[in-house]
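The values are calculated or read from the model by the stated rules, or taken from the named source; none is laboratory data. This one's a predicted model, so the numbers in the text were calculated from it and none came from an experiment. Ideal geometry is used to build each Cβ from the backbone, glycine not excepted, and the neighbour counts take in all protein chains shown. Only protein heavy atoms, including side chains, enter the accessible area calculation; ligands, DNA and RNA are left aside. Shrake-Rupley method; radii C 1.70, N 1.55, O 1.52, S 1.80 Å.
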Amino acid sequence: MFSGKALFSFCRKKKHRLSHIPADQLHIRAIMRTDAGCVRRNNEDNAGFLFMEGNKTDFFAILADGMGGYERGETASGMMVDTACEYNNLAISKKPYQWLSEIFQKANSHIYKCSLRLQSVMGTTCSMLLIWEKKFWCAHTGDSRIYLLTEGKLRQLTCDHTVVGEMVREGKVTIEEAITHPQRSVLTKAIGTKSHVEPDIFRLTYPVRAGDRFLLCSDGLYDLVPDDEICRLLGLQSLKASAVSLVNTAKERGGYDNITVVIVEINEKTNTDNDEL
């Protein structure tokens, strides 16, 4: 299992299309911050990021929010992240879609069998960002989220696998009504709760530009910090300031759940890079 933050070289935001950046000039910086919040005694979130073995341009970030109570949730989310780590040592000789699918299926099997052995319900959400050969892939199950901040606008890339999320997509409730709906946290899909899982896996088809930032977060953030504020805080000059401000804002508003963020910034490598986040 891995978590924490890593320091990668710093460069200023530029508005080039990523397709114009040579592969050997693609520059990725990332930071992770997690907090148990103000109510819960333990932290059931697990998250982190790694460069794929052997290079500095292929990369993945992952965030998992466990469910099952106390140690069970933490164990499930840890197993999800551990599985992804194990696959980091395997070259993506297969297509990224298949690689991501195998990670989710492997983790699902481990967690499901563990829950049967312990006779205890346990599971986890998972949101994963893969950067492979300058292409961007998302894999997702549950109600953690992946956002993209591009040109000052925030876009939610993933769909919430919740009862209320489905109601919003079907037009039965508005986004505003969903925020306070009593079933907003009831999941329709998670890792480890059934013998098989079908994650959402897709490649981004629109341009990602140098200076853009991805945000992976648990519901402990967006339940308390609306998208317009997430957009503003995610756009702060430094990654560290963004991560700290996002988590602290959720805590200031009650912090009733665990709060975890992973921020990934895409840039073009320059001669002025340094390790400041």
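Structure notes:
- Listed by chain and number, the aspartates and glutamates whose C-alpha is less than 20 Å from the C-alpha of LYS95, apart from same-chain residues fewer than 8 away, are GLU53, ASP58, GLU86, GLU133, GLU198, ASP200.
- Note on region 129-214: with neighbouring protein chains present and a 1.4 Å probe, carbon and sulfur make up 50 percent of its accessible heavy-atom surface.
- When the Cα positions of TYR206, ALA47, GLN119 are compared along the charge dipole of the chain, TYR206 comes out farthest toward the positive end, with charges on each C-beta of Lys, Arg, Asp and Glu.
- Sorting the segments 213-221, 29-37, 247-255 by their mean number of nearby beta carbons within 10 angstrom, highest to lowest, gives 213-221, 29-37, 247-255.
- For TYR112, TYR87, TYR147, TYR256, the ranking by accessible surface with the largest value first comes to TYR256, TYR112, TYR87, TYR147, using a 1.4 Å probe.
- Charge dipole magnitude, Cβ of K and R +1, D and E -1 - region 110-237, Cα centre, debye nearest 20: 540 debye
- With K and R counted +1 and D and E -1, the other residues having a Cβ less than 10 Å from that of MET80 yield a net charge of -1.
- By accessible area with a 1.4 Å probe, ligands and nucleic acids excluded, highest first: order of GLU44, GLU53, GLU102: GLU53, GLU102, GLU44
- The Kirkwood radius of the chain, taken over pairs of alpha-carbon atoms, gives through the Stokes-Einstein law at 37 °C and 0.692 mPa s a diffusion coefficient of 174 µm² s⁻¹.
- Take 183-190, 159-166 and order them by the average number of nearby Cβ atoms within 10 Å per residue, most first; the result is 159-166, 183-190.
- Inverting the pair-averaged 1/r between distinct Cα atoms of region 160-209 gives 12.8 Å as its Kirkwood hydrodynamic radius.
- In region 126-277 the Cα-Cα distances spread across 10 Å bins starting at 0 as 10, 37, 37, 13, 3, 0 percent of all pairs.
- Extension gain from GLU170 to SER195, taking 0.36 nm per residue of separation minus the Cα-Cα distance: 6.3 nm
- In this simple spin-label approximation, LEU118 and LYS106 carry label points 7 Å from Cα along the Cα→Cβ vector, and these lie 2.1 nm apart.
- Kyte-Doolittle mean at least -1.0 and Cα axial length at least 18 Å: DSSP H helices in the chain: 70-88, 96-118, 239-252
- Among GLY235, CYS217, MET167 - extreme Cα towards positive end, dipole of the chain, charges at beta-carbon: GLY235
- FRET efficiency, 1/(1 + (r/R0)^6) with R0 25 Å, evaluated for GLU86 and ILE179 via beta carbons: 0.10
- With q set to 0.11, 0.14 Å⁻¹, the log10 of I(q)/I(0) for region 45-137, from the Debye formula over equal scatterers at the Cα positions, is -0.32, -0.49.
- When each of LYS135/LYS240; LYS189/LYS251; LYS56/LYS135 is checked by Cα-Cα distance, pairs over 21 Å: LYS135/LYS240; LYS189/LYS251
- The modelled label-to-label distance for the pair LYS135/PHE202, using points 7 Å beyond Cα in the direction of Cβ, is 1.6 nm.
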